[in-house]
Amino acid sequence: MATTVGVVVFPGTNCEYDAVQAMETLGAQARLVFHSETSLSGLDAIILPGGFAHGDYLRPGALARFSPIMDAVSRFAAEGGPVVGICNGFQVLCEANLLPGALQKNRGLTFLCKPATLEVVSTRSVITRNATRGQHLNIPINHFSGSYTCSIETLRELRDQDRVVVRYVENPNGSLDDIAGISNEAGNVVGLMPHPERASSELLGSADGLVLLSSLLAAASVG
Amino acid sequence: MRYNARVEVRLRPGIADPEGATIERALPALGFDGIASVKTGRCFNVELDASDLEAARSHAAALADRLLANPVIEESIIEVTPL
C-alpha cells in the first residue's frame, strides 16, 4: 500500500498543494487534513506546510498551536510518527513546544524569497536519512520570520545531540549558528525554513528537495 | 469586579530586536539627537472579571504566559487596575 502523507491546512496555509504534488511526484498519496479535525488515523507521515496560519496574528504559529488538530499532531509525534514543519509549519512546531527555540523576524527586516544553499549537518532526522552529511542542497526560502534563536543551553543540546539538521552556507536571515532546520531528540519531528516542496523538479529550478521528501517517505514506510 | 490588565510584552534582554535597531538608526537621520537606545514591544489591554485584584493579576499572568508572550524570547510586565 502506498504511503499516505497528511498535509495539515490551517486558515491561511498556502503551500498545501505544493506539498501534495511533491509527495505524489514521489509516488506517495497525500491527503489534506483540516485544522479542525482531531484524528490522523491512517496517515503515515505529517507535513505542516508553509503559509500564514491564522494570519500569523500575534506571532507566526502562536494561534495555530491551539487548533484541534495539534493535539493529534503531538500524539502522532510522541508515538514516533514522522512530522515535518516547513517554514510556517516550523514556526507552528516551535510555538507548540514540539521543537525548541523560536523564529524571529529576519535580520535587516527583509522578506526573503530566493534560493538558498543548505548543508546537510545530520542524517539522523526523518528528512535527511537518504542524504549525505556535508551534502549541499539548493532549496528556496520564502519568509519574514526565519531567524532561528534559542538559549545557549538549547543550542548546546542541539549540537551535542546531532539535532541541527541543515545549515545555511551563507546565513541569509541572522539565524543562530546558521541554523536552517532542527529536529527533536528522537529525530522524528523536524522543522526547517526552506521549502523542499518548491525544489521538487528541475522545471522549478532545483530538484534538491526530493532527497529530503523521499527521506520522509522512507521514514514513514518503516513505520 | 472588572479590571483592566495592561500586558506589555517585550523581548528578553539579549534577544535581537531588529525593529528597535532600525528605529534607533532612523531617529538621528530625522534630526533627533541624543537617542541612546530604542527597544520595541507590544501592549495588550485585556478587560477581565475577577473576584479581587490578586485574582485578576494571576489570571492576566496566566494568559500572558500561555499566549500573549513566547517565553523563549519574550517577557511580560503586567499592570492591573480596577475599572
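The values are calculated or read from the model by the stated rules, or taken from the named source; none is laboratory data. Just so you know, these numbers come straight off a predicted model, no measurement behind them. Heads up, the Cβs are rebuilt from the backbone with ideal geometry, glycines too, and the neighbour counts pull from every protein chain shown.
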Segment B:49-79 - residue that is in contact (Cβ under 8 Å) with a residue 12 or more places away in the chain and exposed (fewer than 15 other Cβ atoms within 10 Å of the Cβ) and, of those, farthest from the other protein chains (Cβ to nearest Cβ): B:Asp52
Search result, residues across segment A:12-60 that are on the phi > 0 side of the Ramachandran plot and in contact with a Pro (Cβ under 8 Å, 6 or more places away or on another chain): A:His54, A:Gly55
Some residue of segment A:42-55 being of a type outside the set (D, E, K, R), surrounded by fewer than 24 Cβ atoms within 10 Å (Cβ to Cβ), in contact with a Leu (Cβ under 7 Å, 6 or more places away or on another chain) and under 30 Å from B:Gly14 (Cβ atoms): yes
Among (1) at pLDDT below 95; (2) touching an Asp or Glu at 6+ places or on another chain (Cβ under 8 Å) - the single one B:Thr40 does not satisfy: (1)
The lone exception for B:Gly20 - which of (1) in contact with a Lys or Arg (Cβ under 9 Å, 6 or more places away or on another chain); (2) touching a residue at least 24 places away in the same chain (Cβ under 8 Å); (3) surrounded by fewer than 18 Cβ atoms within 10 Å (Cβ to Cβ); (4) small (Gly, Ala, Ser) it fails: (2)
In segment A:74-118, the residues that are more than 14 Å from A:Ile179 (Cβ to Cβ) and of a type in the set (D, E, K, R): A:Arg75, A:Glu79, A:Glu95, A:Lys105, A:Lys114
Checking A:Gly81 against (1) over 23 Å from B:Pro71 (Cα atoms); (2) without any contact (Cβ under 8 Å) to a residue 12 or more places away in the chain; (3) in a loop (DSSP other than H, G, I, E, B), the condition it does not meet: (2)
Per-region count, segment A:190-216, residues touching a Gly at 6+ places or on another chain (Cβ under 8 Å) and either in a loop (DSSP other than H, G, I, E, B) or of a type in the set (A, V, I, L, M) (or both): 7
Output for segment A:92-105, where each listed residue is facing chain B (nearest Cβ under 7 Å) and in a loop (DSSP other than H, G, I, E, B): A:Gly101, A:Lys105
Condition met for B:Arg42 (within 24 Å of A:Ser151 (Cα to Cα), within 13 Å of chain A (Cβ to nearest Cβ), in contact (Cβ under 8 Å) with a residue 40 or more places away in the chain and not aliphatic (A, V, I, L, M)): no
